[in-house]
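This report concerns only the one structure given below.
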Amino acid sequence: MQTCCKYFKFIADVTVTIVLWTYFTIGFVLFFSPFYAAALFFSKDRRIAFQKINHRFFKVFLWLLRAIVPGLTIEVDERIPGLRSCVVVSNHRSYLDPVIFIGSLEKQTTIVKSDFFRVPVLGRVIKTAGYIPSEASSDLSSLMVERIDWMPEYMAGGGVVFVFPEGTRNRGKGLNPFNIGAFKIARRCNAPIEVVCITNTERLFAPGRFLFNTCVENRIDVRWIGSIVPNDSGHFPVGRLMEESRQMMEKYLESRANSN
């Protein structure tokens, strides 16, 4: 019986993975590429147009996850889709984390690993959408400068920058050391920091595993923890931002661990 259950779980894992990757590839070509093409040639603001299309693309992906993955519940704090003109910082457990943020925020940008800017098609999409390269390499240095210069205008128009200050997926407990980039953006734009915690995405799509993990009870929670806002004088020390954000995340994650 146990071997039989493992067999059917493996079939479910493979089936779900095929469906989701089919959506990512064929779905993009058949259903979304015409919208990207129209935005590229006819939109007055290509960056915002691409961000909105990305949002719809991943919103459908999240709907598919909820619909076809046995045992899965995804709960996104109702306050998150309403965030505007801020920097969102979050812990990072899985490649699903940015998918959830893009699918939840209509007007969004983020820091993306520089290598992805060189991938055909994908690189064009993330570049046109106004995403920020993680490193100022020789071929991306001018793009990074342009993106950073654009941030105050983007924030003033209601844009949201979401960043994982750990830099990479955390495969252990607790939090990895934070990078300073997100907090420099917040200080430059005099924008509030919104602290968010994501739990259990690694149980569905674990680092180093190609197949989605289905047929297990799993509740993915995306919770708004709190805000850090500039004081009246506009004094916004980066070190304080990093430390307060980290303490808020650690306190939340510890409370969840103690309640389980």
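The values are calculated or read from the model by the stated rules, or taken from the named source; none is laboratory data. Bear in mind the structure is a predicted one, so any value in this text is a computation, not a measurement. A quick note on method: Cβ atoms are made from the backbone with ideal geometry, for glycine too, and the neighbour counts reach across all protein chains shown.
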*For the stretch 149-175, what are the residues that are farther than 17 Å from D45 by Cβ and at pLDDT 90 or above?*
F162, V163, F164, P165, E166, L175
*Restricting attention to the stretch 46-76, which residues are free of Cβ contacts under 8 Å to residues at least 40 places away in the same chain and over 17 Å from the mean Cα position of the chain (by Cα)?*
A49, R66, A67
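Restricting the search to the stretch 31-46, which residues are part of a helix (DSSP H, G or I) and more than 21 Å from V60 (Cβ to Cβ)?
We begin by selecting, within the stretch 31-46, every residue part of a helix (DSSP H, G or I); these are 31-42, 46.
Those that are part of a helix (DSSP H, G or I) and more than 21 Å from V60 (Cβ to Cβ): F41, F42, R46.
If I ask for residues that are over 28 Å from P81 (Cβ atoms) and crowded, with 17+ Cβ neighbours inside 10 Å, which ones from the stretch 129-143 would you list?
Taking the stretch 129-143 first, the residues over 28 Å from P81 (Cβ atoms) are 135-143.
Of everything in the stretch 129-143, those that are over 28 Å from P81 (Cβ atoms) and crowded, with 17+ Cβ neighbours inside 10 Å turn out to be L140, L143.
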*Which one of the conditions (1) within 18 Å of K52 (Cα to Cα); (2) touching a residue at least 40 places away in the same chain (Cβ under 8 Å); (3) over 15 Å from the mean Cα position of the chain (by Cα) does R79 fail to meet, given that it meets all the rest?*
(1)
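Can you list the strands (runs of 3 or more DSSP E) found entirely within the stretch 53-128 that contain at least 2 residues being among the polar types (S, T, N, Q) and surrounded by 18 or more Cβ atoms within 10 Å (Cβ to Cβ)?
Numbers: elements: 72-76, 86-90, 108-112.
Filter on the stretch 53-128 gives 108-112.
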*Enumeration of residues in the stretch 67-92 that are touching a Lys or Arg at 6+ places or on another chain (Cβ under 7 Å) and within 17 Å of Q108 (Cβ to Cβ)*: D77, H92
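When you scan the stretch 117-141, how many residues do you find that are within 18 Å of S33 (Cβ to Cβ) and either without any contact (Cβ under 8 Å) to a residue 40 or more places away in the chain or of a type in the set (A, V, I, L, M) (or both)?
Going residue by residue through the stretch 117-141, those that are within 18 Å of S33 (Cβ to Cβ) are 119-129.
Retained after the next criterion (residues that are either without any contact (Cβ under 8 Å) to a residue 40 or more places away in the chain or of a type in the set (A, V, I, L, M) (or both)): 119-127, 129.
Residues in the stretch 117-141 being within 18 Å of S33 (Cβ to Cβ) and either without any contact (Cβ under 8 Å) to a residue 40 or more places away in the chain or of a type in the set (A, V, I, L, M) (or both): 10 in total.
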